[in-house]
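Every number in this text was worked out from the coordinates using simple rules, so none of it is lab data. Fair warning: this is a prediction, and the values are worked out from it, not measured in the lab. Every residue, glycine as well, gets a Cβ built from its backbone with ideal geometry; the counts of neighbours run over all protein chains shown.
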Amino acid sequence: MARGSTSVEVRRDGVAVITVSNPPVNALSLDVIASLQRDYGEALRRSDVKAIVLTGAKGRFSGGFDINAFDKKPKNEKPGYLSIDFLTDIVEDAPKPSVAAIDGVALGGGLELAMVCHARVSTSSAQLGLPELQLGIIPGLGGTQRLPRLVGLPKALEMLLMSKPLKGVEAHKFGLVDAVVSADELISTACSWALEIVEDKRPWFRSLHRTDRLPALEETKKILNFARVQAQKQSASLQHPLVCIDVIEEGIISGPRAGLMKETLCGKMLEMSQISKSLRHVFFAQRATSKIPNISILGLTPRRIHKVAIVGGGLMGSGIATALISNNLLVILKEVNEQFLDAGISRVKANLQSLVKRGQMTKEDYENKLSLLSGVLDYEQFREADVVIEAVIEDLSLKQKIFADLEKYCHSNCILATNTSTIDLHLIGQKTSCQDRIAGAHFFSPAHAMPLLEIIRTHRTSSQVVIDLLNVAKQIRKTPIVVGNCTGFAVNRMFFPFTQVAYFLVDYGLDVYHIDHVITKFGMPMGPFRLADLVGFGVAIASRKQYLQSYPERCYKSMLIQIMLEENRTGESSRKGFYLYDDKRKASPDPEMNKYIEKSRSMASIVQDPKLPKLTDDEIVEMMLFPVVNEACRLLDEGVAMKASDLDVASIMGRGFPSYRGGVMFWADSFGAKYIYDRLKDWSKYHGGIFEPYEYLSTRARQGLSLAAMADGAMSRL
Ligand SMILES: C[C@H](O)CC(=O)SCCNC(=O)CCNC(=O)[C@H](O)C(C)(C)COP(=O)(O)OP(=O)(O)OC[C@H]1O[C@@H](n2cnc3c(N)ncnc32)[C@H](O)[C@@H]1OP(=O)(O)O
């Protein structure tokens with residue numbers, strides 16, 4: 001079956017309106033492109049057609065090239081046949097003008113089509129951008145050449161390197177669109193504009209040949225070199241941003257046709273790169289997280305969530321409140337006394353102010369959002385809440401008491417959610433008789449900034465509650481993953497062996513700072529020791545206790561944090577943890593660490609393995625992350641996680657695993673199950689349970705299957 005098409009309607013005034021139709025985002029599939037070529041050919045041939053308007057069906061111009069189709073392009077395609085032969089030589093150089101009528105999205109190839117047109121009319125809410133770099137590629141239909149010529153070099157670089165789209169009004173200000181009109185007037189204005197070009201009442205611009213917005217050569221070089229430095233600072237491991245800058249430079253120095261050809265050739269190479277494959281996998285994996293097989297088929301509609309109550313205004317509670325009010329939900333924040341309540345509200349204010357400082361919120365919006373928050377000291381107003389999120393410390397009896405109170409005070413449909421990061425939900429709800437309304441809503445710190453929401457359901461949680469929480473995630477623009485109930489749930493449980501191995505390696509002679517360095521070089525934002533400082537040793541000890549109780553056979557019992565706590569080192573908050581922190585919270589290594597490490601090593605009374613301290617960086621990464629893969633296999637087998645791609649998204653958005661490696665399971669599949677199994681088996685012979693390969697992994701190693709392939713026998717508990 002064809003994936004989309006275009007249609008052409010020739011109006012009485014002589015304008016052919018060509019409409020791209022490929023729901024839901026009018027992606028440019030190979031079928032759409034072939035149809036577009038046919039319809040353009042017809043419009044250019046017909047003598048009753050004076051001009052062309054290009055638009056997208058159902059209020060969306062186009063979400064760009066079909067990301068599914070990268071691997072499906074004909075192998076022997078002539079380089080530049082689409083970008084140069086069709087779009088430049090036929091459409092842009094045509095004897096009839098084209099005007100793009102843009103509503104909704106014009107992204108990637110969508111915007112590139114629009115820029116080939118001789119003018120652009122958009123709605124104010126339209127979103128125009130070139131986000132290709134997020135997929136590990138560069139624009140391939142002339143975007144690197146036309147965007148700088150339309151909006152100027154600095155703005156084009158910002159839009160490309162940051163994958164930052166412009167709204168219609170801003171796009172108009174920067175010259176990317178020529179007029180902003182309402183959706184009702186879009187087609188008629190675009191048609192009039194096209195006819196006025198024919199009648200010489202409007203300029204007939206060919207974007208590719210404009211030079212009026214390009215800086216002089218000397219200035220161009222300065223701007224591009226600065227952009228190179230910035231791109232490297234942002235991620236030293238990624239080459240494609242640098243390729244993008246080189247391609248822009250080629251077009252400015254050697255002319256736009258040379259730029260187009262370089263764009264085509266470099267684009268082809270980047271499309272085949274592992275980085276692009278990984279990032280494309282993440283794109284689809286992220287969209288798949290809210291498709292819950294046995295719930296989506298029920299056809300339930302989410303109930304309206306208007307007001308959310310939060311119990312606890314600490315770091316997590318205030319972060320959650322910020323995330324909710326920033327997205328226009330009413331919030332009641334409860335604390336135990338005035339002092340704590342004031343502190344909680346001040347934290348929310350500080351969070352919002354940081355958004356204002358970063359230009360992500362206006363001052364007026366700050367006041368509006370803050371007015372959605374009210375603080376309380378009792379449960380009286382909880383009757384009005386549609387959802388409650390408990391965000392107090394990890395103390396089971398306190399949580400049990402709170403949930404029993406919530407059952408008393410909240411209405412009988414209210415969702416009772418906990419933000420616990422480790423404690424079993426059955427235990428939390430033990431003193432209630434409403435387990436069907438209890439779920440986990442696990443946010444990651446800082447809750448207003450981190451993009452993931454882990455939704456936990458027990459076998460008693462109702463499907464409606466899951467649907468409602470998925471909708472809350474959408475409302476507050478977080479990516480949800482729905483997981484089953486167990487100690488640590490999916491995200492933290494998957495990564496608990498990572499921390500265990502880190503302490504194990506230190507006891508066996510590796511340096512704390514070297515381990516952190518290797519992990520950040522691999523692409524994670526911070527190593528396990530810097531992270532422990534950030535989270536605080538109190539939290540680290542509390543969660544370790546939970547893991548020790550639940551999974552004793554695969555825990556490594558290091559005393560290091562305990563030893564440091566006894567000397568009042570608690571992490572970043574006390575300015576002393578594994579690192580020392582100055583007034584600006586800048587971390588530096590502490591020579592005194594050796595003292596604690598020596599003590600930990602002597603308490604561990606282990607027999608040193610002379611090979612371990614000599615591990616290469618790659619071996620350290622494998623030794624720390626293969627046990628994570630092993631735990632992920634358990635999560636899949638137990639049905640705690642539904643699919644490997646959910647764990648990829650969770651690892652990236654919850655733990656900062658580098659997205660350009662595709663997430664932890666996608667990365668693991670690049671080694672193959674057998675390699676990982678053999679390595680773990682080898683280590684487990686010397687170092688025991690922490691490395692013992694799990695059955696799911698060994699089966700896949702034996703059968704030569706990928707880790708992402710759905711398990712045949714794994715019964716989902718979800
Ligand atoms: C040659 C060129 O230079 C190369 C390119 O053009 S590469 C593509 C560049 N374009 C992009 O990166 C845009 C990608 N898309 C998006 O950012 C967002 O989907 C959007 C802003 C267009 C819409 O967002 P939203 O309304 O939240 O819908 P979203 O859930 O993301 O997408 C809806 C569906 O369209 C699919 N989709 C979106 N863009 C797509 C694309 N370019 N290709 C294929 N499928 C796409 C999604 O996978 C999803 O499918 P599903 O319903 O089966 O899960």
What angle, in degrees between 0 and 90 and rounded to the nearest 10, separates the Cα long axis of helix 217-234 from the longest principal axis of the Cα atoms of the chain? 30 degrees
Ranked from highest to lowest mean number of other Cβ atoms within 10 Å per residue, what is the order of the peptides 292-304, 197-209? 197-209, 292-304
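What is the antiparallel percent of DSSP beta bridges lying wholly in region 5-272, to the nearest 5? Don't skip to the end; give the middle numbers.
Details: 8 of 28 bridges.
Looking only at bridges with both residues in region 5-272, the antiparallel portion is about 30 percent.
Given the pairs K363/K586; K58/K291; K334/K399; K399/K599, which span a C-alpha to C-alpha distance of over 26 angstrom in this model?
Details: K363/K586 29 Å; K58/K291 24 Å; K334/K399 14 Å; K399/K599 36 Å.
K363/K586; K399/K599, as the Cα separations exceed 26 Å there.
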Among the aspartates and glutamates, which fall within straight-line cross-link reach of K262, defined as a Cα-Cα distance under 18 Å, with same-chain neighbours fewer than 8 residues apart omitted? E77, D85, D89, E112, E132, D246, E249, E250, E271
So how far apart, in nm, are the two label points at S47 and Q134 if each is 7 Å from Cα heading toward Cβ? 4.9 nm
Tell me what the chain gives for mean residue ellipticity at 222 nm when only DSSP H runs of n ≥ 4 count, each as -39,500 (n - 2.57), the sum divided by the residue total, rounded to 500 deg cm²/dmol. -14500 deg cm²/dmol
In degrees between 0 and 90, to the nearest 10, how far off the longest principal axis of the chain does helix 593-604 point, with axes built from Cα atoms? 60 degrees
Reduced to Cα centres, the span from region 576-621 to region 174-192 in Å works out to 62 Å
³J(HN,Hα) computed for each position of region 524-535 - Karplus, 6.51 cos²θ - 1.76 cosθ + 1.60, integer Hz, glycine/proline x: 7, x, 7, x, x, 7, 5, 5, 4, 4, 5, 6
For region 277-320, what log10 I(q)/I(0) values come out of the Debye formula at q = 0.13, 0.23, 0.27 1/Å, with one point per alpha carbon and no solvent? -0.63, -0.83, -0.88
Within region 21-94, GluC sites (Glu not before Pro) in DSSP loop having at most 15 other beta-carbon neighbours inside 10 Å: E77
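Going by the alpha-carbon gyration tensor, a ≥ b ≥ c the square roots of its eigenvalues, is region 303-485 rounded (a/c under 1.5) or, if a/c is not under 1.5, prolate (a/b greater than b/c) versus oblate? Don't skip to the end; give the middle numbers.
Working: a/c = 1.73, a/b = 1.41, b/c = 1.23.
Prolate, because a/c is 1.5 or more and a/b exceeds b/c.
If I take R0 = 51 Å and measure r between the Cβ atoms of E592 and E77 in this structure, what FRET efficiency does the formula 1/(1 + (r/R0)^6) give, to the nearest 0.05? List each step's numbers first, then the result.
Values: r = 62 Å, r/R0 = 1.22.
Efficiency at R0 = 51 Å is approximately 0.25.
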Give me the three principal axis extents of region 5-272 from the C-alpha atoms, as integers in angstrom, largest value leading. 55, 39, 31
Residues with amide H under 5 Å from that of R3, placed H, sequence gap 5 or more: D31
When the charge dipole of region 303-485 is computed with +1 at the Cβ of Lys and Arg and -1 at the Cβ of Asp and Glu, the Cα pointing farthest to the positive end, of F443, A473, N485, is that of A473
Is the shape of region 574-652 rounded, prolate or oblate, going by the alpha carbon gyration tensor and its root eigenvalues a ≥ b ≥ c, with a/c under 1.5 for rounded and a/b larger than b/c for prolate? oblate
Calculate log10 I(q)/I(0) of the chain for q = 0.11 Å⁻¹, where I(q) comes from the Debye formula with a single equal point scatterer on each Cα and nothing for solvent. -1.25
Excluding same-chain residues fewer than 8 positions from K201, which lysines have a Cα within less than 26 Å of its Cα? K50, K96, K173
With the dipole of region 1-127 worked out from charges on the C-beta (+1 for Lys and Arg, -1 for Asp and Glu) around the Cα centre, which of M1, I102, C117 lies farthest toward the positive end? M1
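Roughly how large, in nm² to one decimal, is the mean projection of the convex hull of the alpha-carbon atoms in region 441-538? Write out the running numbers ahead of the final one.
Details: hull surface 29.9 nm².
Directional mean of the projected Cα hull area for region 441-538 stands at 7.5 nm².
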Counting only residues 5 or more places away or on other chains, whose amide H sits under 5 Å from the amide H of I481 once H atoms are built in the peptide plane? L453, E454, I455
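Counting pairs of alpha carbon atoms under 8 Å apart in space and at least six apart in sequence, what relative contact order in percent does region 564-616 give? Walk me through the intermediate numbers first.
Values: 31 pairs, mean separation 9.3, N = 53.
Across region 564-616, relative contact order equals 18 percent.
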For region 62-108 and region 534-555, distance of Cα centres in Å: 54 Å
May I ask which residue of W667, I515, L705 lies farthest towards the positive end of the charge dipole of the chain, with charges of +1 (Lys, Arg) and -1 (Asp, Glu) on Cβ and the Cα centre as origin? L705
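Could you grab the Rg to Rh ratio for region 369-429? Cα atoms only, Kirkwood for Rh. Intermediate results must be reported in sequence, preceding the final value.
On the way: Rg = 12.1 Å, Rh = 12.4 Å.
Computed over Cα atoms, the ratio is 0.98.
Looking at the chain only, what percent of DSSP beta bridges run antiparallel? Nearest 5 please.
Numbers: 17 of 63 bridges.
Percent antiparallel among DSSP bridges in the chain is about 25.
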Find how much the distance from Q381 to K674 grows on full extension, using 0.36 nm per residue of separation minus their present alpha carbon separation; answer in nm with one decimal. 99.8 nm
Between region 474-503 and region 329-393, the alpha-carbon center distance in angstrom: 26 Å
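State, as an integer percentage, the relative contact order of region 404-520 based on alpha-carbon contacts under 8 Å between residues 6 or more apart. Please list the in-between numbers first.
Working: 141 pairs, mean separation 25.5, N = 117.
Relative contact order comes out at 22 percent.
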Long-range amide H partners of V376, meaning residues 5 or more apart or on another chain whose placed amide H is closer than 5 Å, are L333, K334, E335
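Once you have the Cα-Cα distance between H426 and E364, take 0.36 nm times their residue separation minus that, and quote the gain in nm to one decimal. Intermediate results must be reported in sequence, preceding the final value.
Details: separation 62, 0.36 × 62 = 22.32 nm, distance 4.33 nm.
The span from H426 to E364 would gain 18.0 nm if fully extended.
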Cβ charges +1 (Lys, Arg) and -1 (Asp, Glu), total dipole of region 5-272, debye: 280 debye
With N set to the residue count of region 184-226, report its C-alpha Rg divided by 2.2 N^0.38 Å to two decimal places. 1.83
Would you work out if region 134-270 is rounded, prolate or oblate? Take a ≥ b ≥ c from the square roots of the eigenvalues of the alpha-carbon gyration tensor; rounded if a/c is under 1.5, else prolate when a/b is larger than b/c, oblate otherwise. prolate
Relative contact order computed over region 327-421 (Cα-Cα under 8 Å; 6+ residues apart), in percent: 31 percent
Using a simple spin-label model with points 7 Å from Cα along the Cα→Cβ vector, what separation in nm is obtained for L372 and A343? 2.6 nm
Simple Cβ-charge dipole of region 341-494, Lys/Arg +1 and Asp/Glu -1, about Cα centre, in debye nearest 20: 460 debye
What does the extension gain come out to for L548 and S605, with contour length at 0.36 nm per residue minus their alpha carbon separation? 18.6 nm
Restraint check, K164/K307; K557/K681; K233/K369; K167/K643; K72/K474; K277/K685, Cα-Cα greater than 29 Å: K164/K307; K233/K369; K167/K643; K72/K474; K277/K685
With +1 on the Cβ of every Lys and Arg and -1 on the Cβ of every Asp and Glu, and nothing else charged, how large is the dipole of the chain about its Cα centre, in debye rounded to the nearest 20? 340 debye
